[in-house]
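The values are calculated or read from the model by the stated rules, or taken from the named source; none is laboratory data. This structure is a prediction, so every number in the text was calculated from the model and none was measured. So basically every Cβ, Gly included, is an ideal-geometry build from the backbone, and we count neighbours across all protein chains shown. Note: accessible area is taken over every heavy atom of the protein model, side chains too, but ligands, DNA and RNA are not part of it. Shrake-Rupley method; radii C 1.70, N 1.55, O 1.52, S 1.80 Å.
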Amino acid sequence: MERAVRTDLPVLTRRRRRPGPVLAPYLLVLPGWLWLAAFFVTPVIVMVSLSLQTGDFIDGFRQTFHFRTYADVVETYHVQLVRSLVYGAAATTACALVGYPVAYWIAFRAGRHKSVFLFLLLLPFFVSFVIRTQSWNVVLADNGVVLGPLKHLGVLPADFHVLATPYAVIGGLTYNFLPFMVLPVYVALERVDAKVIEAATDLYASRAGTFWRVVLPLSLPGVFAGVLLTFVPASADYVNAGILGGPSTTMVGNIIQTEYFTNLNYPAAAALSFVLMGALLLAVFTYARALGTDDVLEAAAR
Amino acid sequence: MPHQPTPSAPWLRGLTEPRCSRRGLLRAALGAAALAPLAACSVPGARKPVPHTSAQIAAAVDGFWTGREKRGRLSFANYTQYIDTDPGDQSRHPTMDAFTRETGIRISYDEVIDDSASWFGKIQPEFASGQGIGYDLMVVGGDSYLSKYIELGYLAPLDHSRLPHFAERGGAAFKNTSFDPGNVYTVPWQSGMTGIGYDPAKVGRKITSWQDLLDPKLHGKVGMWNDAVQMGNIALLAVGVDPETSTHADWRKAAAWLRGQRDAGLVRSYSTSTYQSSLQRGDLYASLVYSGDVFQANQSGSHLEFVIPDEGGLLWTDNLCIPSTAAHPVDALTYMDYVYRPEVAARISETVQFVCPVPDAQPVIARDAAAATGKRRHLLGSLSTSPLVFPTKADQSKLRHLRVLDETEEKQWNALFEPIYQS
């Protein structure tokens with residue numbers, strides 16, 4: 001979609017442009033393009049090709065344009081696909097509900113200790129993802145430090161458990177991806193001009209009114225970016241379901257891992273990856289449309 | 001563009017109107033260009049002729065070993081915590097140091113293998129391009145990956161004339177296995193049993209059979225694995241079939257048994273990575289376990305029991321093998337034979353605590369126990385008499401081997417057993 005605003009800018013640039021550096025912008029973008037071509041386009045082409053091949057590992061895979069693999073994997077694994085999107089959405093919602101207040105507090109109330117709190121937020125990243133997830137197994141053990149005393153006091157029934165349930169998996173996803181939500185929201189809130197808030201106060205807006213009608217709308221691009229950064233990796237995650245999950249919490253990431261590494265069924269793994277990619281894109285664009293954001297990436301980059 | 005009258009015939013309109021913009025054409029061309037390489041792509045197969053008759057094998061052995069000499073170096077890839085360590089310094093491995101002193105062969109030892117699948121994925125491209133993988137010796141489980149290594153010609157056929165200790169001291173149960181008849185490519189490194197581990201205090205009775213894992217009292221407290229090979233094989237035992245001679249119909253019966261167990265809500269989780277700690281914490285009351293896990297858990301204060309169920313348990317083997325691309329194969333073969341000396345096997349067992357493939361190591365451990373003091377004396381004493389490390393005759397008669405699957409069978413097998421834990 002063409003954007004018709006900012007007509008003043010081209011005039012300025014046109015006047016300043018000299019004949020020499022016409023190529024300069026392209027040269028500046030070149031590393032980015034090369035990076036994309038080498039590490040995204042090429043692998044994606046290879047994977048698309050792989051998803052349309054048939055054969056087996058020992059005798060080799062041949063290009064047969066076997067589109068049927070796509071239908072097969074969707075038919076076999078639609079439950080896990082839908083579950084992945086639902087878990088991803090649930091974890092993203094939880095991240096937003098927990099992360100927004102945190103970002104708000106750091107942006108407006110943390111004062112000169114802002115950087116300390118941002119550092120604390122990033123601190124868990126210095127420990128391996130798998131180790132952190134595994135440690136939830138200890139924390140949430142059936143008779144562990146959290147549930148044990150509650151059961152002892154009779155607050156919870158003796159056979160109550162969190163591990164091996166969908167709640168454990170969604171909780172694990174929320175925990176692992178929370179910083180990806182907090183940071184963009186924080187950046188958006190940080191950019192809210194104090195004068196705007198002051199103006200709202202001058203115009204007799206209550207504190208709640210200021211938040212709902214001024215601060216929240218101005219921070220929505222940050223929330224949008226946060227949703228992108230949490231929803232996509234959370235839906236594709238395979239660590240949490242593997243470590244914290246039970247008999248029916250398998251996510252599509254686990255299936256892809258099994259198909260690729262255990263079964264060496266590369267076409268099925270590749271096809272499933274693209275189905276997941278398609279489902280994620282569809283979900284993200286639907287969300288953008290519902291939110292009234294015309295240009296998804298523009299909003300995310302703002 | 002000068003104005004042109006619209007032609008009346010509809011088909012002519014298509015010729016005069018700019019239906020295809022330049023940008024559109026460019027896009028279409030780019031799209032086609034992106035699809036074109038797809039047709040050329042493929043992943044080549046790499047099946048190599050595998051020698052079968054003894055004459056073929058002898059020729060292959062000759063072909064590989066003729067002209068190879070000792071180089072004084074070797075590199076060894078292993079799983080983590082799978083060799084003896086000096087109690088005072090975890091980075092030292094006394095049996096390897098002794099090997100270097102005796103033979104002058106230096107060993108660089110790396111614990112780089114996590115599991116069969118990821119290790120295969122890591123080294124396969126190097127094999128496929130004919131490069132060395134940087135290791136002269138590696139540990140491979142006796143599963144479908146071993147068959148893949150063999151069929152792809154990635155392993156060196158072993159020269160048994162240079163393995164006298166293996167011939168003399170290797171336990172009969174560990175020789176001539178179904179996954180490598182005649183030990184053409186592998187010799188066992190460590191072995192282990194798959195059975196049931198449980199906490200008698202929690203279960204409240206003795207577990208003796210696979211059917212006990214269907215007991216409604218264990219609702220939501222049973223641990224199973226996300227491993228189609230082990231799950232399928234134990235389920236075959238549970239329905240009373242010897243895995244090695246099982247048929248496709250038996251597999252379906254076994255899968256139904258596992259599905260029944262899952263659908264009854266007995267299974268809490270399917271995981272090979274968390275069952276051990278879950279069992280120790282009491283989140284699981286009973287689980288599929290490896291024998292060595294229970295021995296180690298009990299050393300750190302648990303009171304778990306390991307049983308080989310009446311219908312039978314599984315005996316699996318991790319094996320030493322030499323990549324066909326190894327740079328120092330003679331040195332690797334020398335080390336392979338060295339670990340079959342009873343004293344060396346005993347030292348390794350004292351740390352690793354799995355099933356030892358050298359029965360003569362038992363009296364050595366007993367002797368070490370008598371010479372040791374305090375806690376170590378107790379540990380070695382229980383180790384030398386433990387049926388988990390040296391299975392009794394009665395236990396051995398209950399142990400079965402994993403079903404060896406060919407490529408087609410493996411697909412059918414996975415299609416039956418994977419959906420059970422990937423639900």
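For this structure, a couple of remarks:
- Karplus-based coupling profile of the stretch A:274-289, in residue order and whole Hz: 6, 4, 4, 4, x, 4, 5, 4, 4, 4, 5, 6, 4, 4, 5, 5, with θ = phi - 60° in 6.51 cos²θ - 1.76 cosθ + 1.60 and x standing for Gly or Pro.
- Crossing angle, helix B:116-128 versus chain B [Cα axis fit, 0-90 degrees, rounded to tens]: 60 degrees
- Most to least packed among B:185-198, A:236-249 [average Cβ atoms within 10 Å]: B:185-198, A:236-249
- The chymotrypsin sites (Phe, Trp or Tyr not before Pro) of the stretch B:303-377 include none that meets both conditions, a loop assignment by DSSP and at most 16 other Cβ atoms within 10 Å of the site Cβ.
- Within the accessible area of the stretch B:269-374, the carbon and sulfur atoms contribute 48%, probe 1.4 Å, all protein chains present.
- Among the residues of the stretch B:277-291, those with an accessible-area drop of 40 Å² or more from chain alone to full protein complex, heavy atoms and 1.4 Å probe, are B:R281, B:D283.
- Of all DSSP beta bridges in the protein assembly as shown, antiparallel share, percent nearest 5: 65 percent
- Heavy-atom accessible surface of the stretch A:144-245: percent carbon and sulfur, 1.4 Å: 70 percent
- Area accessible to solvent at B:Y79, 1.4 Å probe radius, in Å²: 40 Å²
- Considering helices alone, the calculated mean residue ellipticity of the protein assembly as shown at 222 nm is -16500 deg cm²/dmol, with DSSP H runs of length four and up weighted by -39500 (n - 2.57) and normalised per residue.
- Occluded residues from the stretch B:112-129, i.e. those whose accessible area drops by 20 Å² or more once the chain is not alone (1.4 Å probe): B:A117, B:F120, B:Q124
- Largest accessible area first, the residues B:C356, B:C41 order themselves as B:C41, B:C356 under a 1.4 Å probe with ligands, DNA and RNA left out.
- 10 Å Cβ neighbours from other chains, averaged over peptide A:242-255: 5
- For the protein assembly as shown, accessible area per residue (1.4 Å probe, heavy atoms of protein chains only), Å²: 51 Å²
- Backbone HN-Hα couplings from phi across the stretch B:339-347 [Karplus 6.51/-1.76/1.60, Hz, Gly and Pro as x]: 6, 8, 6, x, 5, 5, 4, 5, 4
- Mean projected area of the convex hull spanned by the Cα atoms of the stretch A:154-302, taken over all viewing directions: 13.2 nm².
- Applied to the stretch A:199-212, the Karplus parametrisation 6.51 cos²θ - 1.76 cosθ + 1.60 on θ = phi - 60° returns per-residue 3J(HN,Hα) values of 4, 4, 5, 4, 8, 6, 6, 6, 4, 5, x, 4, 5, 5 Hz, with x for Gly and Pro.
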